[in-house]
1. Would you be able to tell me the number of residues in the stretch 39-66 that are among the aromatic types (Phe, Trp, Tyr) and within 17 Å of LYS16 (Cβ to Cβ)?
2. Name the residue that is least open to solvent (accessible area, probe 1.4 Å), counting only residues in the stretch 92-119 that are hydroxyl-bearing (Ser, Thr, Tyr) and part of a helix (DSSP H, G or I).
3. Can you pull out the strands (runs of 3 or more DSSP E) entirely within the stretch 1-91 that have at least 1 residues that are in contact with a helix residue (DSSP H, G or I) (Cβ under 9 Å, 6 or more places away or on another chain) and open to solvent by 60 Å² or more (accessible area, probe 1.4 Å)?
4. How about the stretch 56-67: which of its residues are in contact (Cβ under 8 Å) with a residue 40 or more places away in the chain and within 14 Å of VAL24 (Cα to Cα)?
5. Restricting to the stretch 18-33, name every residue that is farther than 14 Å from LEU117 by Cα and not small (Gly, Ala, Ser).
Amino acid sequence: MTVYKPMDTLTTVLLKPGEADRIVAGHPWIYHGSVLRLTGPVADGDVVQVKDHRQRLLGVGFYNSRSKINVRLLATERVEINRAFFEERIASALALRRKYLPEASSFRVVNAEADFLSG
């Protein structure tokens, strides 16, 4: 069973100056070279919050130290990443496909970043 942490206990990934513009423009990936520092210990797969070098929240996402993409953002606002979060995102993706593909007998239910479920 996965344990979800409340927002106020998440480790923060702080970005280097000038690296937030891409994220603010909608890009969902935080590259290793963009990271200034982490505010605490974090394991691969943990949810982290991302802030610019001035401590402004940019979003929350999954952390992976083994990838050149250290964080894959899930949301650009302060939200709890829990079962309900994923149920809502998957339901929204499914509703979109049913709307535009009503006669389809098969389709991909979730398409990563296109459905705001990076990674």
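1. Counting residues in the stretch 39-66 that are among the aromatic types (Phe, Trp, Tyr) and within 17 Å of LYS16 (Cβ to Cβ) gives 1.
2. SER92
3. 29-31, 69-75
4. LEU58, VAL60 - these are the residues of the stretch 56-67 that are in contact (Cβ under 8 Å) with a residue 40 or more places away in the chain and within 14 Å of VAL24 (Cα to Cα).
5. Across the stretch 18-33, the qualifying residues are GLU19, ASP21, ARG22, ILE23, VAL24, ILE30, TYR31, HIS32.
Listed here are the residues, each with its yes/no results for (1) at pLDDT below 90; (2) within 21 Å of ALA25 (Cβ to Cβ).
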{"position": "ILE69", "(1), (2)": "no, yes"}
{"position": "LEU73", "(1), (2)": "no, yes"}
{"position": "ARG83", "(1), (2)": "no, no"}
{"position": "PHE86", "(1), (2)": "no, no"}
{"position": "ILE90", "(1), (2)": "no, no"}
{"position": "ALA95", "(1), (2)": "no, no"}
{"position": "ASP115", "(1), (2)": "yes, yes"}
{"position": "SER118", "(1), (2)": "yes, yes"}
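The values are calculated or read from the model by the stated rules, or taken from the named source; none is laboratory data. These numbers were taken from a predicted model, which means no experiment stands behind them. Please note: Cβ atoms are built from the backbone with ideal geometry, for glycine as well, and neighbour counts cover all protein chains shown. Surface areas here come from the heavy atoms of the whole protein model, side chains and all, with no ligands, DNA or RNA. Shrake-Rupley method; radii C 1.70, N 1.55, O 1.52, S 1.80 Å.
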